[in-house]
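**Student:** The following block contains the structure, expressed as structure tokens.
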Amino acid sequence: MELAIRAPADGVAGTVPGNRGIWVGILCELTEFALMFVAYAWFKLTHPADFHNGPAMLNTAAGVANTVVMLTSGYFAVRALAAIRRNEVTGARNWLIATLAGGIAFLVIKAFEFRWNIDHGVVGTGNSFVAMYYYLTFNHLVHVVWGCLGLIWAILRTSFGAYSPEDHEGLESATLYWHATDLAWIVIFPLAYVLR
Amino acid sequence: MDTQERRATWVWLGLVGLTLGSAWLGEGQFSIGLTAVMVALIVGVKGLLVIRHFMGLTEKGSRLRLLMRLYFVVVPVLILLAGSAGLVMGA
């Protein structure tokens, strides 16, 4: 069964990266987050005081660090894809491991941040902003875990020589999902830590 | 490192710079309304950069690319809408 999305037969330049399956997953993920962003806007409009004071309650350094880690990890994923296109299998595997390390670093920082929150009384009761913050970040965290699992799969497949310059759809799909998770965080970061 | 990777490197540095800029805005440098506008613009730019240079959605006329890019037009508008609530508090 052919899953790759090919260019139209009339010869229009370029192709859509990845496969149909991963794009269904990505669009579902972004739709899910879009609904959360609408919920955020609704609660911000109906509970403005909570949201005005909310970002100051959070550990901004942890939020910035996690954003930089996600972006850097996404950059490593780009390098992994470029390496496999040059048939540099070891290089691709190493860049994927670096990408995964970024994902694990994100989870570690997030665990530290949640611990810091608890120590400073930032718990999800009685405050719409804090509830929304946990709703957004926990959901995103789950997607990061899924993305890490996809990266582990791609690392193993790369190590066993499953990908080549001509056929690396699985690797490309894993990195696409990772970028989609990055996209969601690009929106969550300012909503939680910046916007008042 | 080929041309595409060099470009991706510059994009990554730009994304990190925009992130640090966002954090700076969060320190209350400007009015709430102006901050919301700048945050919305930064989110839009960052999203479009990732879609173009990291995800590789470059095919002209692609409905998928249009849909993804539209996402990073609609969401910043939503941020502006949400930011208007802050104007009430910040007045």
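Values quoted throughout were computed directly from the atomic coordinates according to the rules given, and no laboratory measurement underlies them. Since we're looking at a predicted model, the values are computed, not measured. Positions of Cβ are backbone-derived with ideal geometry, glycine not excepted, and every protein chain shown enters the neighbour counts.
**Student:** Can you give the mean number of other chain Cβ atoms that lie within 10 Å of the Cβ atoms in peptide A:72-79?
**Tutor:** Working: counts 3, 0, 8, 11, 1, 3, 12, 5.
Taking the mean over all residues of the peptide, I get 5.
**Student:** A further question on this structure: Would you mind computing, in nm to one decimal, how far apart the modelled labels at residue A:61 and residue B:29 are, each placed 7 Å from Cα along Cα→Cβ?
**Tutor:** So the label points at residue A:61 and residue B:29 sit 2.0 nm apart.
**Student:** Taking the C-alpha atoms of the range A:115-168, how large are the radius of gyration and the largest Cα-Cα span, Dmax, in Å?
**Tutor:** 18.7, 55
**Student:** Using only Cα atoms, tell me the angle between helix A:60-85 and the longest principal axis of chain A; keep it within 0 to 90° and round to the nearest 10.
**Tutor:** Once rounded, the angle reads 10 degrees.
**Student:** Now for a separate question. Distances longer than 15 Å among the Cα atoms of the range A:27-69: what percent of all pairs is that? Could the numbers behind the result be given before it?
**Tutor:** Numbers: 550 of 903 pairs.
Here the long-distance tail beyond 15 Å is 61 percent of all Cα pairs in the range A:27-69.
**Student:** Then there's this: If one puts a single equal scatterer on every Cα of the protein assembly as shown and applies the Debye formula without solvent, what log₁₀ I(q)/I(0) results at q = 0.13, 0.14 Å⁻¹?
**Tutor:** -0.86, -0.98
**Student:** In deg cm²/dmol, rounded to 500, what helix-only [θ] at 222 nm does the protein assembly as shown give when every DSSP H run of at least 4 residues adds -39500 (n - 2.57) and the total is split over its residues? Write out the running numbers ahead of the final one.
**Tutor:** Details: 9 runs with 216 residues, N = 287.
-26500 deg cm²/dmol, from helical runs alone.
**Student:** What average number of partner chain Cβ atoms lie no more than 10 Å from the Cβ of the residues making up A:170-181?
**Tutor:** Details: counts 0, 0, 2, 0, 0, 3, 4, 0, 2, 7, 4, 0.
Mean partner-chain Cβ count within 10 Å for A:170-181: 2.
**Student:** Below 21 Å, Cα to Cα, which lysines can residue B:60 reach? Residues fewer than 8 away in the same chain don't count.
**Tutor:** Hits, sequence-local ones excluded: B:46.
**Student:** With only alpha-carbon pairs counted, each pair once and no self-pairs, how large is the Kirkwood hydrodynamic radius of chain B in angstroms? Walk me through the intermediate numbers first.
**Tutor:** Details: mean 1/r = 0.0691 Å⁻¹.
Computed over chain B, the radius equals 14.5 Å.
**Student:** Residue A:110: which aspartates and glutamates have alpha carbons under 18 Å from its alpha carbon, excluding same-chain residues fewer than 8 sequence positions away?
**Tutor:** Output for residue A:110: A:119, A:182.
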